[in-house]
Amino acid sequence: MSALKFMRPEHWARIEQHLANTRGERFAFALTKTLYDGEDGPVLEVIDIVLIDDADTQPNHDGYYLSENALDRVHNQARATGHGLVEFHNHRAAPPAFSSVDERALAEMAPYAVDLLDGTPYAAAVWAPGTIRADWWRPLPGAHVERGQFRTVTVLGEHLKVLNAPPVTDERFTRQIPLLGPEAQAAIGTLRVALVGAGGTGSHAALALAYLGFRNLVVLDDDHVETTNLNRLVTADQADLQAPKTIVARRRMRAIDPRINIRTLPGLTHSGTHPELRDVDLIIGCVDHDGPRHRLNQFSIDTRTPLLDIATGVDESAASVALGGRIALLLPGEACLTCQDELDSAEISRWAKPEQAQALDRAHGYGTGTANPSVVYLNALAVNAALAELGAWISGARTPARWLDIDLVGTMKSPGTRIGPRRTVPRDPGCVDCAHLA
Ligand SMILES: [Zn+2]
Ligand SMILES: [Zn+2]
């Protein structure tokens with residue numbers, strides 16, 4: 001599996017409009033950058049698009065063909081810029097599939113293009129109203145090519161679209177589909193999500209993701225269940241003491257829906273390359289320390305993966321106990337956690353130190369945050385508020401709040417729980433983490 005990501009919604013909007021507004025067949029191309037070439041296939045980012053003029057498309061006895069001139073122009077543009085190519089064309093009827101004419105043309109074109117473009121992946125997609133089918137080709141040793149289907153073709157923007165999600169027809173979602181819509185349920189069933197942290201907040205997220213219908217997950221955590229977790233780790237009970245938190249999360253999620261595919265892995269490390277985070281559609285951060293949170297911020301930017309970051313905390317040093325949380329839905333290319341001055345640089349640098357130095361820090365009272373006070377209803381509130389915004393984003397029902405603050409204390413005059421959107425600062429053009437994204 002693999003992914004094709006439209007980072008600019010207008011790129012997809014223009015391709016779709018081009019393909020939809022014709023009685024015959026039309027062609028369009030996307031120029032791509034390879035973000036990751038993994039075991040399961042490539043992860044590609046759309047950099048630019050080319051719409052093919054009708055004058056360059058000719059009907060033939062068995063279909064429509066692109067003129068040699070137009071093909072040369074597109075190939076030369078890709079070669080000159082070092083990009084890969086995705087070819088799009090339209091069919092009239094859904095579900096879209098490559099016809100035998102398409103297959104004959106692609107059997108020739110794909111190996112030719114892979115070779116011409118110096119081994120960058122080639123891809124082709126058929127559009128039909130409402131959905132697409134998209135496949136990729138990449139070189140194998142010995143002048144062969146490998147072919148696969150994209151797991152997801154996503155459009156990131158105010159609304160997250162998954163263009164190739166197969167419909168979900170499962171009775172268990174009967175009460176939910178009227179709220180989210182069939183397209184959102186299909187998207188949820190297709191998206192691959194990395195849940196980083198399976199502790200206090202992560203355990204709530206794990207259960208809710210399973211109930212919502214997410215079926216493709218990677219769960220990362222190092223920790224084992226301890227007695228002091230049992231006040232809030234909703235995936236575990238007394239009998240799970242000493243079991244890895246990832247394993248208890250997986251067991252509960254599979255008990256909710258046995259079809260869920262879950263890969264469990266150790267937690268984030270400072271220097272780890274974490275290939276498992278490079279081919280996902282969404283990262284959900286449920287970590288309790290700014291070291292890994294900063295790393296997730298970087299991963300989100302580098303892999304062009306949206307990050308839903310959930311932070312909860314108790315500040316006992318405040319004049320009155322501060323109890324609350326913060327949620328951020330971050331899209332690469334927009335203001336990141338560092339732009340928002342949201343991260344504690346002392347905490348980040350402590351996490352970057354070797355384990356021995358970290359132990360020394362702990363001995364001197366600079367903890368890693370794992371022993372912070374925590375309570376089940378704070379975690380539940382934060383996670384569910386975050387998932388409500390995620391639901392709004394995937395369904396398109398309304399604009400999601402990108403930043404939410406949760407305050408469980410209120411003021412002297414007006415005590416009580418408040419959840420409200422935060423006024424954020426614009427992206428910092430000099431940000432050390434995201435300035436390199438144009
Ligand atoms: Zn076709
Ligand atoms: Zn930034």
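The values are calculated or read from the model by the stated rules, or taken from the named source; none is laboratory data. If you're wondering where the values come from, they're calculated on a predicted model, not measured in any experiment. So basically every Cβ, Gly included, is an ideal-geometry build from the backbone, and we count neighbours across all protein chains shown.
Looking at residue 410, is it loosely packed, with under 15 Cβ neighbours inside 10 Å and touching a Gly at 6+ places or on another chain (Cβ under 8 Å)? So residue 410 passes the test. Taken as a whole, the stretch 55-64 holds at least one residue that is away from ligand 1 (no atom under 16 Å from the Cβ) and of a type outside the set (A, V, I, L, M, F, W, C).
Can you work out which of the residues in the stretch 295-318 that are among the small types (Gly, Ala, Ser) and in contact with a Lys or Arg (Cβ under 9 Å, 6 or more places away or on another chain) is farthest from residue 436 (Cα to Cα)? Filtering first and then ranking leaves 313. The numbered conditions (1) surrounded by 15 or more Cβ atoms within 10 Å (Cβ to Cβ); (2) touching a strand residue (DSSP E or B) at 6+ places or on another chain (Cβ under 9 Å); (3) at negative phi are all true for residue 396 except (3). Between 102, 72, which is assigned by TED's automatic domain parsing to the domain that holds residue 32, away from ligand 2 (no atom under 16 Å from the Cβ) and touching a Gly at 6+ places or on another chain (Cβ under 9 Å)? The match here is 102. Would you confirm whether or not the stretch 195-211 contains a residue that is farther than 15 Å from residue 379 by Cβ and not in a strand (DSSP E or B)? The answer is yes, given that some residue of the stretch 195-211 is farther than 15 Å from residue 379 by Cβ and not in a strand (DSSP E or B). Just one of (1) hydroxyl-bearing (Ser, Thr, Tyr); (2) in contact with a helix residue (DSSP H, G or I) (Cβ under 6 Å, 6 or more places away or on another chain); (3) within 16 Å of ligand 2 (Cβ to nearest atom) fails for residue 424. It is (2). Close Cβ contacts (under 7 Å, 6 or more residues apart or on different chains) running from residues in the stretch 344-359 that are farther than 10 Å from residue 270 by Cα and polar (S, T, N, Q) to residues that are at pLDDT 85 or above and crowded, with 17+ Cβ neighbours inside 10 Å comprise 358/350.
Residues of the stretch 255-283 that are in a helix (DSSP H, G or I) and touching a residue at least 12 places away in the same chain (Cβ under 8 Å): 256, 275, 276, 277. The residues in the stretch 284-312 that are modelled with pLDDT of 95 or more and part of a loop (DSSP other than H, G, I, E, B) can be counted, and the count is 6.
Restricting 281, 315 to those that are crowded, with 21+ Cβ neighbours inside 10 Å and either in contact with a strand residue (DSSP E or B) (Cβ under 8 Å, 6 or more places away or on another chain) or modelled with pLDDT of 95 or more (or both) reduces the list to 281. Annotation: of all residues in the stretch 1-43 being farther than 21 Å from residue 99 by Cα and β-branched (Val, Ile, Thr), the one that is surrounded by the most Cβ atoms within 10 Å (Cβ to Cβ) is 43. The set of residues from the stretch 45-81 being out of contact with any Lys or Arg (no Cβ under 7 Å at 6 or more places or on another chain), at pLDDT 95 or above and not in a helix (DSSP H, G or I) comprises 48, 50, 53.
Checked against the criterion of being away from ligand 2 (no atom under 16 Å from the Cβ), surrounded by 13 or more Cβ atoms within 10 Å (Cβ to Cβ) and part of a loop (DSSP other than H, G, I, E, B), the stretch 105-112 contains not a single residue that satisfies it.
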